[in-house]
Structure formats: structure tokens, C-alpha cells
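Asks: Input: one structure, supplied below.
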Amino acid sequence: MAKLIVCLTGMPGSGKSTVVSALKAKDIETLNLGDGVRAEAKRRNLEPTGDNLGKLMLELREKNGPGAIANLLTEPIKNSQSKVIIIDGVRSTTEIEVLKNVGSVKLLSIEAAADTRYKFLSSRGRSDDPT
């Protein structure tokens, strides 16, 4: 039986992490595309600023194609014992196509109003958030 991969998409601050937290509480495995980029930045000794992470993401995609970030997750998905995996932060159809190579993919879009997103982003304290 193929793994079910549920891809969450939505603007920053829309509530993807809130959904992920609720699913983790139910012992559903979750992975985050942004964490893959942050891990690569750490390996390269880059400070995880919005500018650095954005440049790194573009570099990875330029070098390895538009599915490069999703490719960072294919091995962890293959090695997982979970039948259902949530992927937080999918940004393109190419990333979805990459993930289809390792499981059955469904897409869930999370939406929130712009002012709600701004209030959340300005208070969460991540290095790449607006101030």
C-alpha cells in the first residue's frame, strides 16, 4: 500500500503550522519543506535570515530544478514507517510531482486573511518574519 502524502499549502502565517501541530498531537508524521532549506543553510554555516534562506532556495532550485526542495524529503518519506505523512509548505506543482514518486498525494490549501497572517508573523519570532 502506498503512503498517503497530504501536502499543505498556503501563505506564510495562514495556519499551516497550527494544522501540523494538531496532527502531530494525533501522532501523524509531519515534514516541512522549509526545514529542509534551513537544515541546508545550517550545513553551509549560513545564518537563517529570510534573505539567506531565499537565496539558498533559489540556488538549490537553479542547480537541481524546481523540485529540488521536495527532493530533500523523498528519502525521509521512503524510510518512514508511517502510512500517512503531512508535508508542510508545498509551493509548486513540480514539488507535488516529485512527491508523487514516493506516495499518493493530496493537496490541502490553508487560507487566512492578510491582517491575521501579519499579526501572527510579526509575533512568532522566526528570523525570516516581518518586524
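Asks: If you go through segment 121-131 one residue at a time, do you hit one that is in contact (Cβ under 8 Å) with a residue 24 or more places away in the chain and out of contact with any helix residue (DSSP H, G or I) (no Cβ under 9 Å at 6 or more places or on another chain)?
Replies: yes
Asks: Test L56 against the stated conditions and say whether it is in a helix (DSSP H, G or I), free of Cβ contacts under 8 Å to residues at least 40 places away in the same chain and open to solvent by 40 Å² or more (accessible area, probe 1.4 Å).
Replies: Against the criterion (in a helix (DSSP H, G or I), free of Cβ contacts under 8 Å to residues at least 40 places away in the same chain and open to solvent by 40 Å² or more (accessible area, probe 1.4 Å)), L56 does not qualify.
Asks: Name the single residue that is surrounded by the most Cβ atoms within 10 Å (Cβ to Cβ) among those in segment 7-26 being over 19 Å from T93 (Cβ atoms) and of a type in the set (A, V, I, L, M, F, W, C).
Replies: Within segment 7-26, the match that is surrounded by the most Cβ atoms within 10 Å (Cβ to Cβ) is V20.
Asks: Counting only residues that are surrounded by fewer than 13 Cβ atoms within 10 Å (Cβ to Cβ) and part of a helix (DSSP H, G or I), which one in segment 60-99 is modelled with the lowest pLDDT?
Replies: My answer is E75.
Asks: Go through the residues of segment 25-46 one by one and say whether even a single one is farther than 27 Å from G125 by Cβ, at pLDDT 95 or above and either in a helix (DSSP H, G or I) or over 14 Å from the mean Cα position of the chain (by Cα) (or both).
Replies: no
Asks: Right, here's the next one. In this structure, is M11 of a type in the set (A, V, I, L, M) and in a helix (DSSP H, G or I)?
Replies: When the stated conditions are applied, M11 does not pass them.
The values are calculated or read from the model by the stated rules, or taken from the named source; none is laboratory data. Source: prediction; values computed, not measured. Here Cβ is always computed from backbone atoms with ideal geometry, including for glycine, and neighbour counts include all displayed protein chains. Note: accessible area is taken over every heavy atom of the protein model, side chains too, but ligands, DNA and RNA are not part of it. Shrake-Rupley method; radii C 1.70, N 1.55, O 1.52, S 1.80 Å.
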